[in-house]
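Below is one structure, written out as structure tokens, with a few remarks after it.
Readers should treat all values here as calculations from the given coordinates under stated rules, not as data from a laboratory. Note that the coordinates shown come from a computational prediction; the quantities given were computed from them, not determined experimentally. Glycine gets a Cβ as well: all are built from the backbone with ideal geometry, and neighbour counts include every protein chain shown.
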């Protein structure tokens, strides 16, 4: 999965030039939403673990349309920022 220069997750480009998405939004070239299996494969998680993260509200914000679960690219990037751990080098004593 491509990363941006700042280390964030870069949107995946669509194989189709134009694609209609939910709520009548027009998608041109870049993906607006990820599916659960896409998020799971990007981060090396299982779909069931991602389901548990949703259940305990510990994962990325998701959109539920009927029975479909989708993750907005911006929400996934925000979640990555919130769970990021900054490692600082130990000082020599």
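Taking the fewest neighbouring Cβ atoms within 10 Å as the starting point, the ordered list for 30, 38, 86 is 86, 30, 38.
For 64, 90, 52, 31, which order do you get if you count the other beta carbons within 10 Å of each Cβ and list the fewest first?
Least to most surrounded, the residues fall as 90, 64, 52, 31.
Ordering 82, 35 from the fewest to the most neighbouring beta carbons within 10 Å gives 82, 35.
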